[in-house]
Amino acid sequence: MNLPRMALMFTNFYSGSPVCAPSRSILLTGLHGGHTRIRGNHEYGSRGDVWDYKKMSEDPNLEGQYPIGKETLIFPKLLKTKGYFPNGMVGKWGLGPPNSSSIPTEMGFDYFYGYNCQRMAHNLYPPHLWENNNRDILDNEVISPKLKLQSGQDPYNEDNYKIFNQKDYAPDKMHIKAQDFIEK
């Protein structure tokens, strides 16, 4: 397969929404923002203490946003009806929590690797990513994306930032998985 020769290059585009979840929903459904089910970055708060980053990193039932809905026709489902498969997604989902009918592999993607929850994506060294419907545990401590330097720490001293630079860098992990998927 000669991907560069066969691929399309999109050079002129705009975001369908000023925030990420509705933008992804608009891109995947082709719907106007007023017609898509996802209209904001709304947390699925009825599931528990979804705002506690440590609890969320330990309990997949606290991770993820409102679901786009299993019945929603999105681009990968349409591709499959036209005979295009396999297809994969690597990156940030944020359109349905783990263990729901709105995870990427239930919505038409044959493969997924990345962040299920957009809050987790605020951390480049997360405690885990998702591969299909399974957590890929990374060699990183749980650190809230809101963590700041302690009072009195010198912001110009690089040693004070070591806690933020951990072992498994999510963009590198996702890049490798995307390459592996394309090469298969």
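Here, each number is a calculation from the coordinates, and none is a lab measurement. Computed from a predicted structure; not experimentally measured. Every residue, glycine among them, receives a Cβ derived from its backbone with ideal geometry; neighbour counts consider all protein chains shown.
Enter the angle in degrees (range 0 to 90, nearest 10) between the Cα long axis of helix 20-29 and the first principal axis of the Cα atoms of the chain, meaning the one along which they spread out most.
So the helix axis and the longest Cα principal axis differ by about 10 degrees.
Under a Cβ-only charge scheme (Lys and Arg +1, Asp and Glu -1), can you give me the dipole magnitude of segment 25-68 about the Cα centre, in debye to the nearest 20?
It works out to roughly 240 debye.
Provide the descending list of Cα extents for segment 13-183 along its principal axes, expressed in whole angstroms.
58, 38, 34
Using a cut-off of 26 Å between alpha-carbon atoms, which lysines can reach Lys148, once sequence neighbours fewer than 8 places away in the same chain are excluded?
Answer for Lys148, where 26 Å is the Cα cut-off: Lys54, Lys55, Lys92, Lys162, Lys167, Lys173, listed by chain and number.
Given 10 Å bins starting at zero, what is the percent of C-alpha pairs of segment 16-67 in each, up to the one with the largest pair distance?
Percent of Cα pairs in each bin: 27, 39, 28, 6.
For helix 170-183, report the angle its Cα long axis makes with the longest principal axis of the Cα atoms of the chain; keep it between 0 and 90° and round to the nearest 10°.
In the chain, helix 170-183 runs at an angle near 30 degrees to the longest axis.
What is the gain in length, in nm to one decimal, between Asp52 and Met9 on full extension, counting 0.36 nm per residue of separation less the C-alpha to C-alpha distance?
Extra length from Asp52 to Met9 when fully extended: 11.5 nm.
Just how large is the dipole of the chain about the Cα centre, in debye to the nearest 20, putting +1 at every Lys and Arg Cβ and -1 at every Asp and Glu Cβ?
So the dipole magnitude of the chain works out to roughly 780 debye.
Output wanted: per-residue J couplings in Hz (rounded whole) for segment 8-14, from phi through Karplus 6.51 cos²θ - 1.76 cosθ + 1.60, θ = phi - 60°, x for Gly and Pro.
9, 10, 9, 10, 10, 7, 9
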